[in-house]
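Taking it in order: structure first as structure tokens, then the write-up.
The values are calculated or read from the model by the stated rules, or taken from the named source; none is laboratory data. These numbers were taken from a predicted model, which means no experiment stands behind them. Glycine gets a Cβ as well: all are built from the backbone with ideal geometry, and neighbour counts include every protein chain shown.
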There are 2 protein chains.
Amino acid sequence: MTGDERRSQILHVAIKLFSQYGFRGTTTKEIARAAGVSEAMVFRHFATKEELYHAILDHKACEGGGSNPCDEIAGLIASKDDYQVFYNLMLNALNHHEADPEFMRVLFHSALEGHELSEIFIERNIVPVYELMSAYIAERQKDGAIRADVNPRVVVRAFVGMMIHHALNNSLWDRKRRLLDISNEEAARAFADILLRGVGPAAE
Amino acid sequence: MTGDERRSQILHVAIKLFSQYGFRGTTTKEIARAAGVSEAMVFRHFATKEELYHAILDHKACEGGGSNPCDEIAGLIASKDDYQVFYNLMLNALNHHEADPEFMRVLFHSALEGHELSEIFIERNIVPVYELMSAYIAERQKDGAIRADVNPRVVVRAFVGMMIHHALNNSLWDRKRRLLDISNEEAARAFADILLRGVGPAAE
DNA sequence: GTCTATACTAGGATAGAC
DNA sequence: GTCTATCCTAGTATAGAC
């Protein structure tokens, strides 16, 4: 195996373990064993455990390319089709987390442990989405499509809350304990629907 | 210090540390040091680290007494005042997690680590609330107060999602990064409002 | 690129004195 | 009830051979 291949393989194994046990809970011994190499190999490719942990961010940044949720729905935002905007944001996020549950778990662990990894990611990737969505909602309030007496940030919080909580529950145990067993499409439809009716202009 | 006092003190210190670093990420050495005693003392009161971890559940069960969210709003449920039901459930939960953020964090860590602690708690305390709320929503659908085409469990998921995500964000960094700085009352009002309008009968 | 061997610290847990 | 000393394993990291 070439250097790059091995490096990538170790990184993938590490992501899996970090996503299960967090930074402090994962040992370099485990990573080495799971990758089928000696510990010396791990430290050959990554100077420290910390460096290996941070490499996750770079890897995810590369993997995602330039694509982020904002770009994907830019067209919909321009069209001001609220339902499509929220439905697609929700569905994309749920699908994304279903396809790659590890990264979300790594971030949760990192946030709970108080590790800087999550802060870096949130500052770079989450805050901008928050801002964009808040701005969109404020704009739609001016248009009269959304009630003016709701705080846009609270709406975003509600939206993200439904999304993250559902994605995390799916990843953690819905496969096992069928508290709620629905497709991502159905979830996205229901959540977008609740949110939009919830903040829409009051009925006459 | 008497045995019980010491035991309780060690437990409290342990909860704080487990809530920060999770089970695997917390060491008995740290616990002992933070409690100002030797490690031997820790193992005198708790046979193993695992036993100490599980003692958190018993302690919280005792502390909460018999009171759980269901009892607290039983009267409101009977009155079928939807807004009061959801508002109070939300506000109680947010206040509770604000007063005692450690426990929520311990549970999150435990769930992410795949430790049985969280499963025990969820089975005993969360599932019943889920069931109660789903049943209430189904009943209100029969009454025509809530649209019949929504899945009650999805509504509960949306509700709990807003609540847990907001509580966790508050605990993790809203004090620091003021993405959303509102009182629990305001949050509960907004979330209950969004949810109820969201699932209410369609406007004519 | 990969390994074995190793250094050294930290982790969980116990023995036995006071 | 509390400590020091200790056991043994596991954890991070490095040296040096192949």
Does A:THR48 satisfy the criteria of being within 11 Å of DNA strand C (Cβ to nearest atom), surrounded by fewer than 18 Cβ atoms within 10 Å (Cβ to Cβ), modelled with pLDDT of 95 or more and not assigned by TED's automatic domain parsing to the domain that holds A:GLY144? no
Is at least one residue of segment B:114-134 small (Gly, Ala, Ser) and more than 13 Å from chain A (Cβ to nearest Cβ)? no
Tell me yes or no: at least one residue of segment B:65-72 is of a type in the set (D, E, K, R), away from DNA strand D (no atom under 16 Å from the Cβ) and outside the structural domain of B:PHE18 (by TED's automatic domain parsing). yes
Inspect all residues belonging to segment B:68-76 and state whether any of them is under 24 Å from the mean Cα position of the chain (by Cα) and modelled with pLDDT of 95 or more. no
Do the conditions hold for B:HIS96, that is, is it in contact with a Pro (Cβ under 9 Å, 6 or more places away or on another chain) and either buried (at least 22 other Cβ atoms within 10 Å of the Cβ) or more than 9 Å from chain A (Cβ to nearest Cβ) (or both)? yes
Give the residues of segment A:161-179 that are modelled with pLDDT of 90 or more, at the interface with chain B (Cβ under 7 Å from one of its Cβ atoms) and closer than 19 Å to B:VAL199 by Cβ, sorted by residue number. A:GLY161, A:MET162, A:HIS165, A:HIS166
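From the list A:SER171, A:SER134, A:SER110, which residue is without any contact (Cβ under 8 Å) to a residue 40 or more places away in the chain and either buried (at least 22 other Cβ atoms within 10 Å of the Cβ) or in the same structural domain as A:ILE77 (by TED's automatic domain parsing) (or both)?
On inspection, the qualifying residue turns out to be A:SER134.
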For the subset of segment B:1-32 comprising residues that are farther than 19 Å from B:ARG105 by Cβ and in contact with a His (Cβ under 7 Å, 6 or more places away or on another chain), which member is farthest from DNA strand D (Cβ to nearest atom)? B:ARG7
Just name the residue that is farthest from A:GLU116 (Cα to Cα) out of those in segment A:33-56 that are among the small types (Gly, Ala, Ser) and within 8 Å of DNA strand D (Cβ to nearest atom). A:SER38
The residue from A:ARG140, A:ARG189, A:ARG157 that alone is charged (D, E, K, R) and within 9 Å of another protein chain (Cβ to nearest Cβ) is A:ARG157
Filter pass, B:VAL42 being in a helix (DSSP H, G or I), crowded, with 16+ Cβ neighbours inside 10 Å and in contact (Cβ under 8 Å) with a residue 60 or more places away in the chain: no
Residue list for segment A:143-154, restricted to those being surrounded by fewer than 21 Cβ atoms within 10 Å (Cβ to Cβ) and within 7 Å of chain B (Cβ to nearest Cβ): A:VAL150, A:ASN151, A:ARG153
